[in-house]
1. Give me the one-decimal nm value for the distance between modelled label points at ASN48 and ALA179, 7 Å along each residue's Cα-to-Cβ direction.
2. So which lysines can LYS176 reach, going by Cα to Cα under 17 Å and dropping same-chain residues fewer than 8 places off?
3. Here is the link list: LYS77/LYS210; LYS219/LYS349; LYS342/LYS364. Which ones come out longer than 22 Å on Cα distance?
4. Quick one: what are the phi-derived ³J(HN,Hα) couplings along the range 393-407, Karplus 6.51/-1.76/1.60 with θ = phi - 60°, whole Hz, x for glycine and proline?
5. Give the long-range amide H neighbours of ASN199: residues separated by 5 or more places, or on another chain, with amide H under 5 Å away, using H modelled in the peptide plane at 1.01 Å from N.
6. Could you give me the ³J(HN,Hα) list for the range 33-49, computed from phi with Karplus coefficients 6.51, -1.76, 1.60 and θ = phi - 60°, whole Hz, x at Gly and Pro?
7. Gap in Å between the Cα centre of the range 8-50 and the Cα centre of the range 412-481?
8. Would you kindly state how much longer the chain becomes between ASP466 and HIS216 on full extension, computed as 0.36 nm times their sequence separation minus their alpha carbon distance, in nm to one decimal?
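Each value in this text was obtained by applying a stated rule to the coordinates, not by laboratory testing. As the structure is a prediction and not an experimental result, all values here were calculated from the model. Backbone-built Cβ (ideal geometry, glycine too); neighbour counts: all protein chains shown.
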Amino acid sequence: MKYISTRGNAPAKTFTEILLGGLAPDGGLYLPEQYPQVTREELDAWRNLSYADLAFAVLSKFATDIPAADLKAIVSKTYTAEVYGNGRPDSNAADITPLRKLSEGVFIQELSNGPTLAFKDMAMQLLGNLFEYALAKQNEELNILGATSGDTGSAAEYAMRGKRGIRVFMLSPNGKMSAFQRAQMYSLQDPNIHNIAINGFFDDAQDMVKAVSNDHAYKAAHKIGTVNSINWGRVSAQIVYYFKGYFAATKSNDEQVAFSVPSGNFGNICAGHIARMMGLPIGQLILATNENDVLDEFFRTGIYRPRGTAHTYETSSPSMDISKASNFERFVFDLVGRDGAKVREFWSKVDAGATPDAPAFDIKHTPYWDALPKFHFSSGKSSHQDRLKTIREIWEEYGVMIDTHTADGLKVGLEQRRPSLPLICLETALPAKFAETIREALGREPERPESMVGIEDLPQRVEVMDADVVKLKSYISANLG
């Protein structure tokens, strides 16, 4: 299988050729030339597979240049009860992503039982092992540059710490994440891990990563790669749990389901979109935003209006405090019939900067608006008061404690779901990561795994920096020894 750029001006490449990179040379994102199709016979055969075996089956359709035995060994090493046993004590670690039933037809799929208690571990642990494999094959080194709004950073650092030939430079918005999220990252003392707190928002950090990635000479000279969800390896790994959740919630492959997905950078729900395009019977993809509702606005109105730092809200679901969703470009590429020229036109306007009064683009009066329903998206938004209410209701009714982002997903999912479809809400993180809001909602502390007790009291190591690409490049260059 070969991969092409959403902007249409880059040569097709293999899975391993794009694995260590990020953006395509033309500034676009990689996608398969065509989505592999899953037959009914394959769905039937996959229904009762273990998570590791299912991951092998799904990823074999994408990583066609990795020998089957090697890919099998990588996924078997990744998806184990030992790696995913760090979450709630009542979780069945062997299931990796167990489904928790709340009521008839309403489920939460647990994706936060990995080392950093967030769904990002599902892909990042695999990516760490894939990187190590590919670098060893090529006798190369890699300097990973990433940006995080809360969970990607810790998941990447825990997956890459101590890995041979890999250094991590992770940008995060200074003071904008929860104390727990900051402690998870900044307390790591591994010499190959570098945390950089940017004075600004996530979008500022993400723009810096893209700027470095688009400096092709610097990127090549300094062996820069990425683990943000612009990396195709991340998205492909996330496709797997949509299949697993579907099989767990249904008895037959004749049934359809709805997935509700808390969405900031569009990476998680992009994986669901691709799973549906492959043939998984998803009847509805429900996109849930917080007060930063750029994506909800698009799916309701056809207007895409990314907002700058001045118009991005700080909320109690901080991992979704994003107003410029990188992965959205992958979906728009499909929406416009895979027309790279049209994506280039749209994203030249995105990159030029939209304002609250001037959208980057509007598809309402184009044929693309008429094509949107066939992708089965619904959307909605959630506020701080909605989060508190949902957390209280789920706790009081079911004795289940959820985090703020999962609360956004449940609130919007229950509003938007078609009654005929079972609803699977994708869990984002464990509530321990957002103790302040849990205390406000429930008047008690969230439980946390023993390994994370007192993490906020550990010494922290972080470099604070303005949103200055020149300073960032200098810092990276100075820390490659």
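1. Reported label-point gap for ASN48 and ALA179 is 5.0 nm.
2. Partners within reach: LYS324, LYS433.
3. As for pairs spanning more than 22 Å Cα to Cα, those are LYS77/LYS210; LYS219/LYS349.
4. Here the 3J(HN,Hα) series is 5, 5, 5, 5, 7, 10, x, 10, 9, 10, 7, 5, 6, 4, 4 Hz.
5. Amide H to amide H, under 5 Å and 5 or more residues apart or across chains, ASN199 pairs with ASN174, MET465, ASP466, ALA467.
6. 3, 8, 6, x, 9, 9, 7, 4, 5, 5, 4, 4, 6, 7, 4, 10, 6
7. 28 Å
8. Contour length minus the Cα-Cα distance gives 87.7 nm.
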